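Everything on this sheet refers to the single structure shown next.
The values are calculated or read from the model by the stated rules, or taken from the named source; none is laboratory data. Small disclaimer: the values here were computed from a predicted structure and weren't measured. Glycine gets a Cβ as well: all are built from the backbone with ideal geometry, and neighbour counts include every protein chain shown.
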Amino acid sequence: MKQAIKNNDDGQQRRDFLRISTVFGLAFAAGLLKPSDVFAAEWQAKAFEAKSLPDVFAALGAGSPAVSADIVISAPDIAENGAVVPVSVSSKAANTDYIAILIEKNPNAMSAAFNIPEGTEASVSTRVKVGETSNVHALVKADGKWLVASKEIKVTLGGCGG
């Protein structure tokens with residue numbers, strides 16, 4: 001009996017795989033999707049390994065980003081647990097195509113990066129680790145220009161359990 005259930009599960013998994021493969025294949029053939037839209041963008045190891053904000057800016061080619069009121073960071077003023085701090089970033093800047101979340105006092109400054117497809121709302125939400133009270137920065141690339149906004153988050157219990 002278990003063998004019959006296992007075989008049925010395997011068959012269902014094969015059918016699901018074929019169904020999904022067919023949909024993506026048709027989308028690629030019709031030109032609705034490009035491989036770069038579906039597969040992960042090139043890994044930005046230097047940016048994620050950077051220890052400071054200037055190092056992240058240099059790794060991304062951002063230079064000295066301009067402070068912008070078009071970027072809004074939504075996060076709690078005080079985080080009771082720094083291990084899971086909800087952070088949302090939205091950009092009203094025209095042609096936003098990239099959003100990164102940087103935590104100034106974390107061992108590695110860059111916590112998250114998102115490519116924003118053309119024609120979509122430039123808004124992202126995630127949870128990040130904030131090791132200690134720190135400024136959180138949203139770095140945005142819009143119309144070929146780099147913009148930044150900041151917000152301080154106070155942490156009462158560190159992201160590393162301390």
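Criterion first (modelled with pLDDT under 95, exposed (fewer than 15 other Cβ atoms within 10 Å of the Cβ) and either under 17 Å from the mean Cα position of the chain (by Cα) or farther than 20 Å from VAL155 by Cα (or both)) does SER36 satisfy it?
yes
When you go through (1) surrounded by 13 or more Cβ atoms within 10 Å (Cβ to Cβ); (2) touching a Leu at 6+ places or on another chain (Cβ under 9 Å) one by one for GLU80, which number turns out not to apply?
Result: GLU80 passes all but (1).
Hey, can you tell me all the residues within segment 47-84 that are part of a strand (DSSP E or B) and within 17 Å of SER123 (Cα to Cα)?
ILE71, VAL72, ILE73, SER74
Which condition number in (1) in contact with a helix residue (DSSP H, G or I) (Cβ under 7 Å, 6 or more places away or on another chain); (2) without any contact (Cβ under 8 Å) to a residue 60 or more places away in the chain is the one that THR126 fails?
Every condition holds for THR126 apart from (1).
Would you check which residues across segment 129-155 are among the small types (Gly, Ala, Ser) and either part of a loop (DSSP other than H, G, I, E, B) or free of Cβ contacts under 8 Å to residues at least 60 places away in the same chain (or both) and list them?
Within segment 129-155, GLY131, SER134, GLY144 qualify.
Can you find, within segment 105-128, the residue that is surrounded by the fewest Cβ atoms within 10 Å (Cβ to Cβ) among those that are of a type in the set (Val, Ile, Thr) and in a strand (DSSP E or B)?
Taking the candidates together, the pick is THR126.
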